[in-house]
Amino acid sequence: NLSGYIGGIVGKGVGSNIADTGVNFEFNTVGSSADIMIFTGGVSTNAQGGIAGYADNLEIRNGNTIHAKFTGDEKIGGFAGEIRDSRIINSFSDIEVVPLPPTSYVGGAVGNVTNDKSIIIEGVISKLKFHDPSLSAHSKIGGLIGSINNSTAGDVSIKNSKALVDID
């Protein structure tokens, strides 16, 4: 039963620092496809991310590059499915999502921000390819962040970042 947190490096990271990993993931890769492929077999998970499923007080910085393909239904992000009090700095994500409807909280960088402290996203570039042109069955899909919950505007800082979204 995959009901927990799923990440390329760590399922649930609390108080961690991930920098300059240079790690090349090969989970179920086929030919020249994604470096990370996470498929839940239709089973709901708490959160999925290229680096961490859930991140609390986590810093992802300096050149981390994630290429990932996810199949899932909730809280999916290039770096983290869900974050709280964390920083993502100078990193790149390129992800594909094959949704299991209804899908929500999907972001190129982060699926869901839940916070009572600070989130910093700086110098981040994210590419999100979402494989379902019928968006009526989905909600909270964003280029960088799918959803921001329990935060005030001052809690979330996004600087010098950009996102490209492709829905097919």
Heavy-atom accessible area per residue of the stretch 80-168, all protein chains kept, 1.4 Å probe, expressed in Å², is 43
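Count charges around SER104 for me, please; just the other residues with Cβ under 14 Å from its Cβ, Lys/Arg as +1, Asp/Glu as -1. Please report the intermediate quantities before stating the final value.
Values: positive: LYS75, LYS140; negative: ASP73, GLU74, GLU82, ASP132.
Summing Lys/Arg as +1 and Asp/Glu as -1 gives -2.
Quantify, in whole percent, the carbon and sulfur part of the accessible surface of the stretch 43-112 (1.4 Å probe; protein heavy atoms only).
42
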Any chance you could look up the accessible area of ARG84 with a 1.4 Å probe, heavy atoms only, rounded to 10 Å²?
50
Length-normalised contact order of the stretch 40-168 in % [C-alpha pairs under 8 Å, at least 6 apart]:
24
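Under the definition of Cα pairs under 8 Å and six or more residues apart, what whole-number percent is the relative contact order of the stretch 65-138?
Numbers: 178 pairs, mean separation 28.4, N = 74.
Relative contact order comes out at 38 percent.
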To the nearest 10 square angstrom, what accessible area does LYS129 show with a 1.4 Å probe?
70
Descending packing, highest mean Cβ count within 10 Å first, for 62-69, 86-93, 102-109 is 102-109, 86-93, 62-69
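The values are calculated or read from the model by the stated rules, or taken from the named source; none is laboratory data. The model shown is predicted, which means the values in this text are computed figures rather than measured ones. Neighbour counts run over all protein chains shown; Cβ positions are idealised from the backbone, glycine included. For accessibility, only protein heavy atoms count, side chains too; no ligands or nucleic acids. Shrake-Rupley method; radii C 1.70, N 1.55, O 1.52, S 1.80 Å.
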